[in-house]
Amino acid sequence: MAFRFVHYEVNADATKPKHLTGDITMKFFVDTADIDQIKELLAYGMVDGVTTNPSIIAKSGLDILEVTKEICSIVDGPVSAEVVALDHETMLAEGLKLAKIADNIAVKVPLTWAGLQTCKVLSDQGIMVNVTLCFSANQALLAAKAGATFISPFIGRLDDINLDGLELIDDIRTIYDNYGFETQILAASIRNANHMSECAKIGADVCTAPPNVIKAMANHVLTDNGLAGFMADIKKAGIKIL
């Protein structure tokens with residue numbers, strides 16, 4: 001039997017993970033419908049988008065259409081608004097209505113077959129779609145095939161049942177990079193600041209977290225101790241700048 005050797009030329013970018021060949025800015029989405037907290041974090045440049053869900057809307061006591069419109073008016077990035085139906089036809093009608101609120105709406109659908117069908121139709125129309133309640137790599141693969149703009153794997157809820165939520169983020173990153181899927185990994189159900197840094201190490205495109213978690217990222221006891229020492233020396237030496 002004769003063997004034939006074939007030489008392949010490899011493009012330098014082809015060896016890089018897909019998410020490292022374009023925009024590699026990690027995005028922070030705020031998981032809230034609280035307008036004041038969104039505005040506060042906007043002032044620090046920490047809001048690239050907003051996510052909401054029925055529980056967040058219910059907790060706010062606000063009308064979903066009104067509060068979503070207000071959020072879209074102050075946030076330039078994607079604002080996720082979730083459908084409340086379970087069947088495809090009603091999901092689609094709700095999604096189309098939500099998409100009319102503003103150009104930066106991302107329609108949020110659950111990871112069910114009806115949700116995936118709705119995702120396909122909406123994404124084919126150029127509407128951003130966030131597929132939520134993802135708990136496995138297989139589910140993330142289906143969402144990418146359906147054309148999802150974002151896939152939302154829930155880290156904290158997996159941790160709650162003694163599974164590794166961060167491992168799921170890593171698995172999805174590997175699969176998406178293997179095949180060049182453009183769906184962005186939107187790490188969700190983030191419970192603490194450690195989740196944020198670990199997702200950044202793995203290469204999540206987006207992290208969505210409550211305002212208190214984003215604020216907690218700045219906390220460190222050594223920063224507090226160091227600042228206290230500096231302030232004591234400033235007072236002792238009478239140092240003034242203004």
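What to note about this one:
- Flag for Leu122 being in contact with a Phe, Trp or Tyr (Cβ under 8 Å, 6 or more places away or on another chain), buried (at least 22 other Cβ atoms within 10 Å of the Cβ) and assigned to a helix (DSSP H, G or I): no
- Close pairs from region 57-68: first under 17 Å from Lys97 (Cα atoms), partner part of a helix (DSSP H, G or I) and among the small types (Gly, Ala, Ser), Cβ under 7 Å, at least 6 apart: Val67/Ser60
- When residues of region 160-188 are limited to those that are surrounded by fewer than 15 Cβ atoms within 10 Å (Cβ to Cβ) and hydroxyl-bearing (Ser, Thr, Tyr), the one nearest to Asp205 (Cα to Cα): Thr174
- Unique residue being more than 17 Å from Leu186 (Cβ to Cβ) and either touching a residue at least 24 places away in the same chain (Cβ under 8 Å) or hydrophobic (A, V, I, L, M, F, W, C) (or both) when the list is Lys39, Lys27: Lys39
- Residue in region 89-112 that is surrounded by the fewest Cβ atoms within 10 Å (Cβ to Cβ), counting only those that are without any contact (Cβ under 8 Å) to a residue 12 or more places away in the chain and farther than 18 Å from Cys72 by Cα: Glu89
- Any chance Ile234 is on the phi < 0 side of the Ramachandran plot, touching a Pro at 6+ places or on another chain (Cβ under 7 Å) and in a helix (DSSP H, G or I): no
A short reminder: the numbers here are calculations on the coordinates, not readings from a lab. What you see is a predicted model; the values in this text were computed from it and never measured. As a convention, Cβ positions derive from the backbone with ideal geometry for all residues, glycine included, and neighbour counts pool all protein chains shown.
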